[in-house]
Every structure is written in structure tokens, then in C-alpha cells.
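Below: one structure, written as C-alpha cells.
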Amino acid sequence: MLKQRIVILGGGTAGWMAAAALSRFLPSQQYSICLVESEQIGTVGVGEATIPHIRHFNQWVGIEEAEFMQATGATYKLAIRFQGWGTANSDYYHPFGVSGDMLNDLPFHQVWWWLQQQHQPTYPFDHYSFAVQLAQQKRFRFPSTDIADVASSFNYAYQLDAGKYAMLLRQHATAQGVSRIEGKVQQVLQQPNGDISELVLEQGMRLKGDFFIDCSGFSALLIGQTLQTPFENWQQWLPCDRALAMPSAADVDPAPYTLSKTMAAGWRWRIPLQHRTGNGLVYASAFLADDAAEQHLVQEVNETGFAGASIKALRFTTGRRQQSWRHNCVAIGLAAGFLEPLESTSLHLIQLALEKLLLYFPVHTAGQSIVSTSERDAFNDQMATEYQRVRDFLILHYKVNTRSEPFWQYCAHMSLPDSLQQRLALFQESGQLVAYRQGLFQPASWLAVLLGQGARPNETDFRLQAAASAPYSAWLQQYYQHLKMQAGQSPSHRQALDNSSRSSNAPPVHSLYGYREASAAGGRVCVR
């Protein structure tokens, strides 16, 4: 039987994630996988923070957590801390977990806002999250699988060295039979029907393939330059178009969260790893000159740790290819689209594309690949929805602000996509948020950002009109104290990292927000 020849163009995290996933699930008797990359080109490598789904991917391809932590210099991540979003002085966390619990079948955020309207004392909304309590105290523990335990209401991810992660994936993929070719593509040849037939490398080597995966980054050599797939520009809603990245010394006491701190025309990130700290700045060149942005980043980094390395500059256009899969080519990673790393979604979109690709992978019969139009359309439709919903969630951060700088005023007053406008209108009128059937960020995430940045609904749940506020207020106080005490009894993040290279007691991946959220009956409390 002739094997189907799969060619992956580009290494880096996207290319080697693709190689590891495909070699794990496609039978080697039927498929050959070859990855072409050039050390001269290098990778972007500015994204080092993840969301909990990466744990599922690692389990998927057979990477143990202890091996992963040691190989990538990873730290644990419980949340993103947002400083200066909303108002210049705002400070809140978007946790990997829910805040509060259902009270008499009433959404917690409705009760919390109603108590504030009743002038009852409450803590900030995010303080009712177990993940936030851990993050604030720089502590870490694994989630509980007992849904009666408050420690079942959260999940965790990692902060990692993307370059080291790509090398780890490369080791796993090549051990599973993936071949690697060093070289730069000089020419791409196509068949009369438009399908890609082979790559001609600079050294003269010709690499034929039946199916191609474009992981060539922003150059999008196959999906863009060769197949001329249109690019959908979202710069009108996400006006940042520049990024600077630079490392600094490792923190002695690293935080188990990623920091996102605003500035006059963008925001900076701080990501603590075991061996260094990742720093970066995302900004809009229409509102800030490049040299001023560089000076700002160096000054900020020097305040927290010596900036001992050169700055890496990146220019980008936010948006996506109108089709991620055309002919016999699928684009994954930056070749498919770019959304700034505000919510650490870059690796997740790669992972999701690979999951969908394996679901709809072309049939291989009699030595030929048969690409089904319906399956290709389903892949493109689903990826378009995922990109759009991540886009809307990122726009939300910029839109809900009351800052005075020109950049932020532009964001506050810009028109919105209809999909986001409708969602915000529903929340403003009633405090309701409908869960997506398909889409990454669910109501817990939207509430964290909306309430953290000062947005408030006009009305609360009508069922609270006849309720007495004292029992609810007392329950919230007790719940907060219980969370804080339980978090305080957990190991420090430093201790957890020191133990991370040993046999892990991490529970299996269950859901983004923890075991309690995933249980239909879990965590409901009756207040009288």
C-alpha cells in the first residue's frame, strides 16, 4: 500500500505540535510525516502562557507533566492578573475557575451585585474564586476531584518556554517516526486543479506530498502566498499592531499567574518561568512611536529585574484567513491567523485546529487522498467560529474601559461586531450571559472581565426582589473566609515547583473551570 505523504512546512511550536499529534494518531503503516524547517528563519516565540486545555494536549500526545515541567522550565498558572484595565487603578484576576457558587439556584454574580445595591459589605467579585485566593497568596495545589470541596472549582495551566516546548515535542515526534528536513523553500509547485504537489528547497531537493500543513508563520507561504487565500483584517477592533519581547532574570518567588498591565497605548505582559522571566509590550503604532515603546518596556523591566538581553520586535495584523483549509493544505498557527496574546490563546488555537483536522482528516484510498468538500467546509466553519469568539472576548477588554488616554478613548467608543454588541446588550439589560455551544470562553470568563472592569447590569434577577439580604450577606462572608483559609493551607508555588519534577499527583483534565462546574448537581447551596 502506498503511504499518504504528509508534509508540514515550518517548525516552532505549531509545526511540532502538529507533528506530535498526527504521528500519535495516524497509523505509520498508512502515513508518512515529514517536517521541513530552517534554523535560519527561526520562530516568533513570544507566547509563553497557556490555558488549561494544554494539559489535555500533553496527555493526548503522551507527555507526562513531570517531564514537561522539567523540560520547559514551566511554572503553574492559575489566572491572569489585569492591572489598569477598566480604570487606570483597577486590579482584578481572570481565574481558571468559577467565582462563588449557586445560591438557591440563583447565579452568584446576581446575588453579589444585588447585595452591593443593598449596601451590604462584599469583597471584589474575583475574591470569591479559590484560584484567585491561591494566586494572591502565591500558593498552588492540584484541584480536588471531590465536588463538595471548594478546591474542585478551579483548574490550572502553565507558563512555559515556547522554544523548549517545541524541542520537547520534536523529540516525541521524531521518536514516533516523523522525519525532519533542514531547508528553506524556494518554490511551491501545484497541480492543474490547484492542489499543492511538491516543495522545491533551496538546495535543490524536491519534496512531494499528498497533504500539506502550513506552519510557516506570518509568511503563510502555502495558504497565503501560494493559494492566495484572503485575509480578514480585524485591526478596526483590535488596533494594536506591534509587540516587543525581552527576557529578564528569574523571580526567586515566581507568581502562579500571568500579569497584564496597561499603558497609555497598549499593555505589557510579565510571565515568570523557572529559569527566566518573559516580558513584553503590545501597542498600537498609531498612538505610540516605536522608540518610545522600547524605552517604556526597558524602564518597566529594569524596575523589577535587570533587562539583560536584546529586544525582539514583532509587527502583526490581527485577523485570520477566510479559510484555514483550501485544496490539500491546512494552515495552523500564525499562518491561519493572529490574535494578540492577551488571554493566552495562541497554543489553544493550534491545539483546536489539530483536533478538528484529525476529526475530518482526508480519506486515504488506493494511494490517493480524497478531500471531502463537506468535511473541509465543516472544519473551516468551526475554526471561523472559534476565532470569532476569541476575537470578541479580546475586544471586550478594550471596549469596557473609562480611561482618558486617546488610545483607550478610541477603544471605548469604537463600533463593535454584531455578535459582541448583542452579548453586551443582554448583560447590560439583565446581567445574563448565554453559554456558547461552541467557543472557548464561557460565562465565568466573561463575568470575570466585565465585573472586574466595572461593568454592571441595569437589573438583577427578579427572584431577589422579595429576598432578605442578611442571610446571603452572611453566607458570602463565610464563603470568602473559608476560601482564604483553605488556600492559606496549600503549599507555596515555590514548593510546588520544587516538587514538579517528581512523580505528579495531577488529576486528569476534566473541564476548563474544574470538577464542580462540570457537575450538573455540584456546588448548589441553599441559603435561608
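Among the residues of region 70-84, not a single one is of a type outside the set (S, T, N, Q), more than 19 Å from the chain's Cα centre (by Cα), modelled with pLDDT under 95 and outside the structural domain of Trp16 (by TED's automatic domain parsing).
Helices (runs of 4 or more DSSP H) wholly in region 396-459 with at least 2 residues that are in contact (Cβ under 8 Å) with a residue 60 or more places away in the chain and in contact with a helix residue (DSSP H, G or I) (Cβ under 7 Å, 6 or more places away or on another chain) - which ones?
Numbers: elements: 406-413, 418-430, 443-452.
Answer list for region 396-459: 443-452.
Looking across region 185-232, the residues that are exposed (fewer than 14 other Cβ atoms within 10 Å of the Cβ), in a loop (DSSP other than H, G, I, E, B) and touching a residue at least 40 places away in the same chain (Cβ under 8 Å) come down to Asn193, Gly194, Pro230. Counting the residues of region 126-155 that are of a type outside the set (A, V, I, L, M) and either in a helix (DSSP H, G or I) or surrounded by 24 or more Cβ atoms within 10 Å (Cβ to Cβ) (or both) gives 13.
Output yes when any residue across region 339-346 is within 18 Å of His53 (Cβ to Cβ), crowded, with 21+ Cβ neighbours inside 10 Å and among the acidic types (Asp, Glu), and no when none is. Yes, there is a match, as at least one residue in region 339-346 is within 18 Å of His53 (Cβ to Cβ), crowded, with 21+ Cβ neighbours inside 10 Å and among the acidic types (Asp, Glu).
Examine region 491-506 for a residue that is at pLDDT below 85, within 22 Å of the chain's Cα centre (by Cα) and within 25 Å of His348 (Cβ to Cβ), and state whether such a residue exists. Yes.
Residues checked against (1) among the polar types (S, T, N, Q); (2) under 21 Å from Pro341 (Cβ atoms):
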{"residue": "Ser372", "(1), (2)": "yes, no"}
{"residue": "Ala378", "(1), (2)": "no, no"}
{"residue": "Glu386", "(1), (2)": "no, yes"}
{"residue": "Pro406", "(1), (2)": "no, no"}
{"residue": "Leu440", "(1), (2)": "no, yes"}
{"residue": "Trp446", "(1), (2)": "no, yes"}
{"residue": "Val449", "(1), (2)": "no, yes"}
{"residue": "Phe462", "(1), (2)": "no, no"}
{"residue": "Leu476", "(1), (2)": "no, no"}
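Here Gly204 qualifies as out of contact with any strand residue (DSSP E or B) (no Cβ under 6 Å at 6 or more places or on another chain), at pLDDT below 95 and at positive phi. Within region 165-182, if we keep just the residues that are surrounded by fewer than 17 Cβ atoms within 10 Å (Cβ to Cβ) and farther than 17 Å from Val7 by Cβ, the residue that is nearest to the chain's Cα centre (by Cα) turns out to be Met167.
In region 125-143, the residues that are touching a residue at least 40 places away in the same chain (Cβ under 8 Å) reach residues that are surrounded by 24 or more Cβ atoms within 10 Å (Cβ to Cβ) and acidic (Asp, Glu) with C-beta atoms within less than 7 angstrom, at least six apart or across chains, in these pairs: Val132/Asp126. Is it true that some residue in region 288-301 is touching a residue at least 60 places away in the same chain (Cβ under 8 Å), assigned to a loop (DSSP other than H, G, I, E, B) and more than 30 Å from Phe379 (Cβ to Cβ)? Taking every residue of region 288-301 in turn, at least one turns out to be touching a residue at least 60 places away in the same chain (Cβ under 8 Å), assigned to a loop (DSSP other than H, G, I, E, B) and more than 30 Å from Phe379 (Cβ to Cβ). Gly177 meets all of the listed conditions (1) in a loop (DSSP other than H, G, I, E, B); (2) at pLDDT below 95; (3) under 30 Å from Ala14 (Cβ atoms) but one, namely (2). Quick check on region 408-425. Is at least one of its residues of a type in the set (Lys, Arg) and assigned by TED's automatic domain parsing to the domain that holds Tyr165? No: region 408-425 contains no residue that is of a type in the set (Lys, Arg) and assigned by TED's automatic domain parsing to the domain that holds Tyr165.
Could you tell me whether any residue of region 314-322 is assigned to a helix (DSSP H, G or I), touching a helix residue (DSSP H, G or I) at 6+ places or on another chain (Cβ under 9 Å) and either in the same structural domain as Asp195 (by TED's automatic domain parsing) or not aromatic (Phe, Trp, Tyr) (or both)? No, region 314-322 contains no residue that is assigned to a helix (DSSP H, G or I), touching a helix residue (DSSP H, G or I) at 6+ places or on another chain (Cβ under 9 Å) and either in the same structural domain as Asp195 (by TED's automatic domain parsing) or not aromatic (Phe, Trp, Tyr) (or both).
Conditions (1) over 30 Å from Phe211 (Cβ atoms); (2) surrounded by fewer than 23 Cβ atoms within 10 Å (Cβ to Cβ); (3) of a type outside the set (S, T, N, Q), marked per residue:
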| position | (1), (2), (3) |
| --- | --- |
| Met246 | yes, yes, yes |
| Ser285 | yes, yes, no |
| Gln295 | yes, yes, no |
| Thr317 | no, yes, no |
| Cys329 | no, no, yes |
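Does at least one position in region 329-347 carry a residue that is touching a Cys at 6+ places or on another chain (Cβ under 6 Å), of a type in the set (Gly, Ala, Ser) and assigned to a strand (DSSP E or B)? Looking through region 329-347, none of the residues is touching a Cys at 6+ places or on another chain (Cβ under 6 Å), of a type in the set (Gly, Ala, Ser) and assigned to a strand (DSSP E or B). Filtered by the rule that a residue be under 16 Å from Tyr123 (Cβ atoms) and small (Gly, Ala, Ser), region 466-489 gives Ser469, Ser473, Ala474, Ala487, Gly488. Within region 362-404, if we keep just the residues that are at pLDDT below 95 and of a type in the set (Ser, Thr, Tyr), the residue that is surrounded by the most Cβ atoms within 10 Å (Cβ to Cβ) turns out to be Ser369.
The values are calculated or read from the model by the stated rules, or taken from the named source; none is laboratory data. The structure displayed is predicted, hence computed values, not measured ones. Virtual Cβ from ideal backbone geometry, glycine too; neighbours counted across all protein chains shown.
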